[in-house]
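The values are calculated or read from the model by the stated rules, or taken from the named source; none is laboratory data. Keep in mind that this is a model prediction, so the values were computed, not measured. Cβ: placed from backbone, ideal geometry, glycine included. Neighbour counts: every protein chain shown. Protein only, heavy atoms only, side chains kept; ligands, DNA and RNA dropped before computing areas. Shrake-Rupley method; radii C 1.70, N 1.55, O 1.52, S 1.80 Å.
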Amino acid sequence: MTQPSPSAALVADTLDRLRAQGPLVHSITNLVVTNSTANALLAVGASPAMVESAEEAGPFARVADALVINLGTMTAERARGMHAAASAARDAGTPWVLDPVAVGALAFRSTVAVELLAHRPQAIRGNASEILALDALLGGAPAIAGRGVDAAHDAASALDAARRLAERSGAVVTVSGPVDRVTDGRRLAEVANGHPLMPRVTGLGCTATALVGACLAVEPDPLLASACGMTLIGLAGELAAERARGPGSLQVELLDALHRLDRPTILARARLQLHPLA
Amino acid sequence: MTQPSPSAALVADTLDRLRAQGPLVHSITNLVVTNSTANALLAVGASPAMVESAEEAGPFARVADALVINLGTMTAERARGMHAAASAARDAGTPWVLDPVAVGALAFRSTVAVELLAHRPQAIRGNASEILALDALLGGAPAIAGRGVDAAHDAASALDAARRLAERSGAVVTVSGPVDRVTDGRRLAEVANGHPLMPRVTGLGCTATALVGACLAVEPDPLLASACGMTLIGLAGELAAERARGPGSLQVELLDALHRLDRPTILARARLQLHPLA
Amino acid sequence: MTQPSPSAALVADTLDRLRAQGPLVHSITNLVVTNSTANALLAVGASPAMVESAEEAGPFARVADALVINLGTMTAERARGMHAAASAARDAGTPWVLDPVAVGALAFRSTVAVELLAHRPQAIRGNASEILALDALLGGAPAIAGRGVDAAHDAASALDAARRLAERSGAVVTVSGPVDRVTDGRRLAEVANGHPLMPRVTGLGCTATALVGACLAVEPDPLLASACGMTLIGLAGELAAERARGPGSLQVELLDALHRLDRPTILARARLQLHPLA
């Protein structure tokens, strides 16, 4: 077990700002996690709004404080809303984060993912498989029919891909795993919070991305915002696991833990380290 | 704290009828709350059915005992299903309730909302912002890009708008808030149940609307049905908050509380007042 | 109460294989239960993936270990994804299960259901009303506007329909109810696990179908796979009901129970009987 990080105060400050400002977080997310994502955003103090049609997503992204785009349960119609929102976000200066769910495994969403990167997200979060695939796609590799959302690669081995992807896309890239790694190509943040039961609850990666989006609304440095979002979900998962009897109660306890999270707990338990990238 | 209202017996009677009759409540609701809405309807004894496509929604609205239309996560395709359902409900005499989520903030759904009013809902439920916006739209005001579902106005200040909207639309209008206000333009019902943690759970307003819909199936007076629905959700939220540790457990406890709600609890705790409108 | 069935070991073995192999279960399910279905699949050890668009569902069904198609919240677009997935599953030898939610009650999905049967599912699971309706449709009866998902017929009375449907479709047919009955036209499995509170939670029938799909991935005999899936959900419901205070906590406890289910509990409590069909 590492000592509490001095960066923990940053996480506590960011959560204070979330609760004080209640930023409007526009989410276009997949059908599996709409409810849990909205509840997690509410639990940290943000104001979620799920607006996803091509008719509405563009105008809404202009007035929102941050935008989250998640490629799960992709359809052609949802892709139109995503393009409208990402394009408007870039125009209006709304920071946004991309969650490339199962990218590389399916040709259609791989194309959408690459197209969306042209709208310059501030942040990207995926598991090791997804980050490796997105990096390969940007480098011109074809999509390969794969098996989707379960990470088949170790997060550490994906760090090179994250670094390249950060340089090519201009976004801060988070590779989630037992230790989350966040890089902008120059700096590296590592978050060692979390619990092994978390992957047995559907969509906690999507929730992590949504919390990164919320932090982007109140923290201008996307590396720090990404690291704060990952620390908040990891901490909440740890606290929840202390009370949960399985994945059902973990999901419930996680929302309670996000809502109850306070500065002393963050300072005592956050495992966030910031380094220059070697 | 006010004394128990004599109208509390009305709420208990309505819940008895819900449980005895198990009305079929047809819901076209948003992607965030499909699960929680269906579960809340089951917990009060109704039989929920989520049928939303243009192909199926019309025929189904004819055989249902009530219809709920909620404008969240609007798309053009969902709008077609809503029109088919509302039109069929009016023809067949199926009572229906409209939840104008984020109306006024977005042009597309504002247009849909005004069009749906032509199918004459028996009831409308929204927060103060939504009721003010819908009243303004009916009066010819343009939609204004706003920030959506969080109420920016006090419920009391929206009462004038509710009264006008009731007169223009022919529907009973509920403005939800710390005290919910329900009016048909002549009478006023006020419901003082509820708990401050409830807005930290996504979609409890949508759940309230669904319960209003269920009550419309068993109570022919839409003002009483609306007031009963609001009292049921408010009471369940209060009871749930006594056991919850945060918004995650509140959502779970609320379903248990709706299921367990009994006549003595309703008589002791309902805070429903009926008045003529001054 | 019957004695523990010798078939209980089969259920325990199947669960062991699920946890060891973590099969990829491709689900196209309705909007109400995406989250609860994914979580139930994770809780038994499977790896769920919700991929439903016409663009992606076909290729994904080829690489998945099993496919689940559920007709709830049907739309024309979802039907296209279902056809693509079922067709690819048949070509690739991916076993699949059909849940004909509310079939017979609505003309559009009745047509889709009959068309999908041409892609030869290994298994079908529905309540008595749905199995009676699907059998009637295959026999040339018209769809009749009905009231949807609540079973209006006793499971036993639907056994004849199940037998005919099994013979006509080539699928193993499960009629769920207080006692679930599973038949391939020659053999009959009966599962007496479950709890009366379970129908007060939305979509547990859909969850049952998903677990049947997971079992199809690890058990080549579709009758045994179907019976194992029904036993797992029934047992988990019973265990959950011992701790739940209502339908909200039942849903949470059920996921915990699926996750915690172990061989001694299965051997002691499974109520699965296998017979030749008289």
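A few notes on this one:
- Count of the stretch A:81-116 residues, restricted to those that are of a type in the set (Ser, Thr, Tyr), without any contact (Cβ under 8 Å) to a residue 60 or more places away in the chain and crowded, with 23+ Cβ neighbours inside 10 Å, is 1.
- Of the residues A:Ala54, A:Ala61, A:Ala46, the single one that is open to solvent by 10 Å² or more (accessible area, probe 1.4 Å), more than 7 Å from every other protein chain (Cβ to nearest Cβ), of a type in the set (A, V, I, L, M) and within 24 Å of A:Arg90 (Cβ to Cβ) is A:Ala54.
- Within the stretch C:233-254, the residues that satisfy the criterion of being closer than 18 Å to C:Val191 by Cα and either over 11 Å from the mean Cα position of the chain (by Cα) or not hydrophobic (A, V, I, L, M, F, W, C) (or both) are C:Gly234, C:Leu235, C:Ala236, C:Gly237, C:Glu238, C:Leu239, C:Ala240, C:Ala241, C:Leu254.
- Any hit, the stretch C:214-224, residues being within 14 Å of chain B (Cβ to nearest Cβ) and either in contact with a Ser or Thr (Cβ under 8 Å, 6 or more places away or on another chain) or in contact (Cβ under 8 Å) with a residue 40 or more places away in the chain (or both): no
- Test result for B:Asn39, under 19 Å from the mean Cα position of the chain (by Cα), facing chain C (nearest Cβ under 10 Å), touching a residue at least 40 places away in the same chain (Cβ under 8 Å) and part of a loop (DSSP other than H, G, I, E, B): no
- Those residues of the stretch A:64-75 which are over 12 Å from A:Glu52 (Cα atoms) and either surrounded by fewer than 24 Cβ atoms within 10 Å (Cβ to Cβ) or of a type in the set (Ser, Thr, Tyr) (or both), in sequence order: A:Asp65, A:Thr73
- Number of the condition not met by C:Glu190 [criteria: (1) part of a loop (DSSP other than H, G, I, E, B); (2) open to solvent by 30 Å² or more (accessible area, probe 1.4 Å)]: (1)
- Check on B:Val101, in a loop (DSSP other than H, G, I, E, B), within 14 Å of chain A (Cβ to nearest Cβ), in contact with a Gly (Cβ under 8 Å, 6 or more places away or on another chain) and modelled with pLDDT of 95 or more: yes
- Among the residues of the stretch B:1-36, those that are within 14 Å of chain C (Cβ to nearest Cβ) and among the small types (Gly, Ala, Ser) comprise B:Gly22, B:Ser27, B:Ser36.
- Sole residue being of a type in the set (S, T, N, Q) and within 14 Å of chain A (Cβ to nearest Cβ), chosen from B:Thr202, B:Thr183, B:Thr209, B:Thr265: B:Thr202
- Single unsatisfied condition, B:His119 versus (1) crowded, with 22+ Cβ neighbours inside 10 Å; (2) assigned to a loop (DSSP other than H, G, I, E, B): (1)
- The residues of the stretch B:159-181 that are within 19 Å of B:Gly237 (Cα to Cα) and either open to solvent by less than 60 Å² (accessible area, probe 1.4 Å) or free of Cβ contacts under 8 Å to residues at least 12 places away in the same chain (or both), listed by number, are B:Thr174, B:Val175, B:Ser176, B:Gly177, B:Val179, B:Asp180, B:Arg181.
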